[in-house]
Each structure stands twice: as C-alpha cells, then as structure tokens.
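Here the structure is laid out as structure tokens; the discussion comes afterwards.
The values are calculated or read from the model by the stated rules, or taken from the named source; none is laboratory data. Everything numeric in this text was worked out from a predicted model, so none of it was measured. For neighbour counting, all protein chains shown are included, and Cβ atoms are generated from backbone atoms with ideal geometry for every residue, glycine included. Ligands, DNA and RNA are excluded from the accessible area calculation, which covers all protein heavy atoms including side chains. Shrake-Rupley method; radii C 1.70, N 1.55, O 1.52, S 1.80 Å.
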Amino acid sequence: MAGMRITLVLGADGASFAHDLAARLGAEDELTVIAPTVRGHFSVGLQASPDLDGLLAVGAGTFSIADSLEEIGYIPSWQRASDQQLAVRLVRTDLVMNGTSLTDATLAASGRAALPYRLLPMCEDRAEFRVVVGTDDPRAIHVDEYLDDPTSHEVTQLLLVAEGISVSPTVSQALLDSDLLVLGPSSRTLAIDPVLRTPGFLDLIADDLPVLVVEHADTVPADLTRATGLSQPDPGRAEPVPDDAEAVLARAHQLVAS
C-alpha cells in the first residue's frame, strides 16, 4: 500500500508538533517540513536562520558560548543562541560559503541530526524581516531585535528586505508530489504567511489539494500583526483541525483515502 506524502509548513515554534506527527506516521509515509527563512541574519560571522536552527537543534540546549560572548559585550541579547544552534550555524556557513546551496546544507544537517522528516528552507534567496520603529526618527531593526523587547518600540511597518525571492526547486517538487498540505501550529505572522507569500508557492497548490490548518493562537505582539496587515488566505481545500498530531493524522488518512 502506498504511503501518504505530507508537506508541513511551520517554524521553530512548531518543532515538537513536527516530531510528534512524524512519530505517528507509517513506514511508507513521508513527511516534508518547509520552514520560513525570513528571520535570517548574520551573527558573530555565522549565517543564522532561527526557524531552521530551531528545527535542527531540538531540546533545551546549553548556552556557554552565548554567555561568554555576552560577558564581553560582543552580542546583544536578541542574538543569543544555544551551543547546539551555533554548531548548526557554523556548519551551514562553512558549507554555503564553499558553494553548497542552503537546501543541500539543510538536508545534510537534517541527516546528521537524524530528523524523522525532511527539512527544507522555503527558498535559496536571502531575505529578512525588518521592523520600522519610531515616528520622529524612524529606523528599521531586525524583527528578532524587536521581539526581544517589543514594549520599548513603536511599530509602524514590517518590511521584507530582499533583492528577490522565489520558492526553491526542491520545495516546488515537494509541493507537486504532496497528497496533503498541513499549515502547522506556528506564528501566522512570522512563519505560515511568509511561506504562503513566497512568490511561486501558491501557484503550486492545486485548488482541490486537501489543506489542514492546525488551530494555533499567534503569540506575536498585536502591534506587529497590525503592521503586517491582512493574513494570507488559506490555499486549496482548507479545513481547520485541532492542535493534536493524532487528530491531524486521522483526518489526513480520511482525506487521502477519499
């Protein structure tokens, strides 16, 4: 019996859901996770991608390197990362600087981490969210700097800084091969919508593709959500499901079998 090919869109805040869903799949089933890359930046010379980092380095982690860097005043608090995440960034930066694509570098890291799913960045192109804060003397700061202390900033706009982005060929093929798309329990503002809005993504979603939208309360500050504007409509044949991997999988079986 052929297995299901499920594509799951989510960020680092949904890592536990991805692992829970993967653990319940059958031997013939395939799970591909597509993560946003719009929070990318460079920190201490390393290419950071917080959503990829969080999905690759699961667990509490230790912070000895971050503690040392903060003690000498070298990094701000918003760039604080675990030792495990820094290791992921070190390898990613080395591979990308030597000509490896971000997709291939991520797949290599997924293999080393023995992830139970295939992890893909939404695109190969560099892009990052910047938040315009202040009115008298406005300036654009990285979205993670804003999230580190949102109450100290007055948000006026959310910008995507990029020369041009598009869905990677690997993500494109994954979507074309999918039996089901799941929009996971992640921030709609910072994870789900950025992937849906990546040029080329929605063009690959057939009108009759089953889409499960996992119920999730976005914890992003309301000011940032207002600055972002209207949420991207759900694609395909969308329906809501509870934030429960077992319930998602049960409904997935029903939809794929129908």
Legend entry - Residue tally, condition in contact with a helix residue (DSSP H, G or I) (Cβ under 6 Å, 6 or more places away or on another chain) and within 16 Å of His41 (Cα to Cα), over region 134-157: 3
Legend entry - Close pairs (9 angstrom Cβ cut-off, 6 or more residues apart or separate chains): closer than 14 Å to Pro235 by Cβ in region 179-192, assigned to a strand (DSSP E or B) and among the charged types (D, E, K, R) anywhere: Leu180/Arg5
Legend entry - Residue list for region 210-250, filter: touching a strand residue (DSSP E or B) at 6+ places or on another chain (Cβ under 7 Å), open to solvent by 70 Å² or more (accessible area, probe 1.4 Å) and not acidic (Asp, Glu): Arg237, Pro240
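Would you check if Glu30 is open to solvent by 20 Å² or more (accessible area, probe 1.4 Å) and touching a Lys or Arg at 6+ places or on another chain (Cβ under 6 Å)? Give the derivation first.
Working: open to solvent by 20 Å² or more (accessible area, probe 1.4 Å): yes; touching a Lys or Arg at 6+ places or on another chain (Cβ under 6 Å): yes.
When the stated conditions are applied, Glu30 passes them.
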Inset, instruction - Taking Ala23 as meeting all but one of (1) surrounded by fewer than 19 Cβ atoms within 10 Å (Cβ to Cβ); (2) within 28 Å of Pro210 (Cβ to Cβ); (3) touching a strand residue (DSSP E or B) at 6+ places or on another chain (Cβ under 8 Å), write down the number of the exception. - result: (3)
Legend entry - Matching residues in region 85-127 - criterion: being crowded, with 19+ Cβ neighbours inside 10 Å, more than 18 Å from Ile34 (Cα to Cα) and among the polar types (S, T, N, Q): Gln85
Inset, instruction - Taking Leu183 as meeting all but one of (1) under 29 Å from Ala257 (Cα atoms); (2) open to solvent by 10 Å² or more (accessible area, probe 1.4 Å), write down the number of the exception. - result: (2)
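Given the options Ser178, Ser168, name the one that is surrounded by 20 or more Cβ atoms within 10 Å (Cβ to Cβ) and over 18 Å from the mean Cα position of the chain (by Cα).
Ser178
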Inset, instruction - Note down all Cβ pairs under 8 Å where the first residue falls in region 55-71 and is of a type in the set (Asp, Glu), the second is modelled with pLDDT of 95 or more and surrounded by fewer than 11 Cβ atoms within 10 Å (Cβ to Cβ), and they're at least six residues apart or on different chains. - result: none
Legend entry - Total residues in region 217-258, condition closer than 27 Å to Arg130 by Cα, assigned to a loop (DSSP other than H, G, I, E, B) and in contact with a Phe, Trp or Tyr (Cβ under 9 Å, 6 or more places away or on another chain): 2
